[in-house]
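Single-structure report; data block below.
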Amino acid sequence: MRTPVFTLTFGRGCRNIHTNRMTMPLVSICIGAYNRKNYIRECVDSTLAQTWPNKEVIVVDDASTDGTREILQSYGDSIRLILRDTNSGICPITRNQAAQAARGEYVAFLDSDDVWYPEKIARQVAFMESHPEVPLCHTLCNVINESSEIVGVRHGKGVVPETGMIFDRLLDHCWITISTVMARRELFDEVGWFCEAEETGIIGEDQDFFLRVARRHPIGLVEDVLAGYRKASTGVSRSRWKDTPESQTFNEILIRRPHIWMDVVPRSRIIRAHSQACLANAAHWRAKGEGGRSAYFCWRGLRHDPSNLELWQEAGRTLFRLVIPHPNPS
């Protein structure tokens, strides 16, 4: 009997792939979920709707109590469901658990309130097959609200670094959205899993992982919008004022993790990245009339960079705002 042949055609910038299903690499889609009943069905449905046929969907339910688990169980054999008896408390544990159960040549991640567009996996497989030197790639993504309406593009062309060695750029901002990432399975054997240390915080484990990859390898970018990143009032980072607009918390932790940056950049570069994050956050909160929060970031920055003139200037502006409050902060 003749083996059926599948012909997949991808968008601009990607070659066509003519192959039979037996030679198509398996893609493992990894989702960690906790109390996402309002979004989990849309999330999972977007993985099942992928045009790439050779895939498995692995979902780790982190002891949900709001009906998320029951929704996931309704999918039956369409997904591989792993049920945790107790809540892990931090995202990287379920993400690692799903990835460690993966059987695919490629592993892709999706947060449980985000979505994919149908061609995402196919486009990324085509990219990875044509770039064997790249162990991890990501895509651009829309920002969507609670109603899944598009409200903008997260970062965007010309802002996100193109394919290449981007370690230095990642020190200033995490340009990579985890729900757009696809990696080769063997990459985890080389650089390890997502950091499960609680000090890393709510979002720092992503940047920690990407830096460990980027210190050794080029990171790939598929320059099209292929996912939706949800920015909702219930998002995990909405109440983390210490991480807005930059993750100063992780930048400070990075100073204490020389194994990530040693032999790639000097310590002064890590200090500068931390100082710039503190400056951005201090200016952000000063503009909102939150002098106490602004002063907090000035202090955090000056602890490591006491000769930084910009930090001292921002501290002076903050002190002036505290002494002479403005009725309409700007």
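Condition first: over 23 Å from the mean Cα position of the chain (by Cα), surrounded by fewer than 17 Cβ atoms within 10 Å (Cβ to Cβ) and at pLDDT below 95. Can you find one or more residues in the range 22-37 that meet it?
Yes: the range 22-37 contains one or more residues that are over 23 Å from the mean Cα position of the chain (by Cα), surrounded by fewer than 17 Cβ atoms within 10 Å (Cβ to Cβ) and at pLDDT below 95.
In this structure, does Trp241 turn out to be surrounded by 13 or more Cβ atoms within 10 Å (Cβ to Cβ), hydrophobic (A, V, I, L, M, F, W, C) and at pLDDT below 95?
yes
Could you list, in sequence order, the residues of the range 96-121 that are under 23 Å from Ser148 (Cα atoms) and not acidic (Asp, Glu)?
Hits for the range 96-121 are Ala108, Phe109, Leu110, Ser112, Val115, Trp116, Tyr117, Pro118, Lys120, Ile121.
In the range 174-192, how many residues are over 11 Å from the mean Cα position of the chain (by Cα), at negative phi and not aliphatic (A, V, I, L, M)?
Within the range 174-192, residues that are over 11 Å from the mean Cα position of the chain (by Cα), at negative phi and not aliphatic (A, V, I, L, M) number 6.
Need at least 2 residues that are over 22 Å from Gln207 (Cβ atoms) per element, so show me which helices (runs of 4 or more DSSP H) inside the range 59-170 make the cut, counting only ones lying wholly within it.
The helices (runs of 4 or more DSSP H) meeting that bar are 68-73, 120-130.
Restricting attention to the range 171-183, report how many residues are closer than 19 Å to Trp193 by Cα and either in a helix (DSSP H, G or I) or at pLDDT 95 or above (or both).
8
Conditions (1) among the aliphatic types (A, V, I, L, M); (2) crowded, with 22+ Cβ neighbours inside 10 Å; (3) closer than 23 Å to Ala49 by Cα; (4) not assigned by TED's automatic domain parsing to the domain that holds Ile150, marked per residue:
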| position | (1), (2), (3), (4) |
| --- | --- |
| Ile82 | yes, no, yes, no |
| Gln97 | no, no, no, no |
| Arg103 | no, no, yes, no |
| Phe109 | no, yes, yes, no |
| Asp113 | no, yes, yes, no |
| Val125 | yes, yes, yes, no |
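Out of everything in the range 127-173 that is on the phi > 0 side of the Ramachandran plot and without any contact (Cβ under 8 Å) to a residue 12 or more places away in the chain, what residue ends up being surrounded by the fewest Cβ atoms within 10 Å (Cβ to Cβ)?
Filtering first and then ranking leaves Gly158.
Restricting the first residue to the range 90-106 and requiring it to be β-branched (Val, Ile, Thr), which pairs with a second residue that is surrounded by fewer than 20 Cβ atoms within 10 Å (Cβ to Cβ) and part of a helix (DSSP H, G or I) meet a Cβ separation below 7 Å and a spacing of at least six or different chains?
Listed pairs, sorted by first residue: Ile90/Glu198.
Any residue in the range 249-267 that is farther than 15 Å from Phe297 by Cβ sitting within a Cβ distance under 8 Å of a residue that is outside any helix (DSSP H, G or I) and small (Gly, Ala, Ser)? List the pairs, counting only those 6 or more apart or interchain.
Sorted first by the residue in the range 249-267, then by its partner, the pairs are Ile253/Gly201.
The values are calculated or read from the model by the stated rules, or taken from the named source; none is laboratory data. The shown structure was predicted, so the numbers you read here are calculated from the model rather than taken from an experiment. Glycine also receives a Cβ, built like all others from the backbone with ideal geometry; neighbour counts cover every protein chain displayed.
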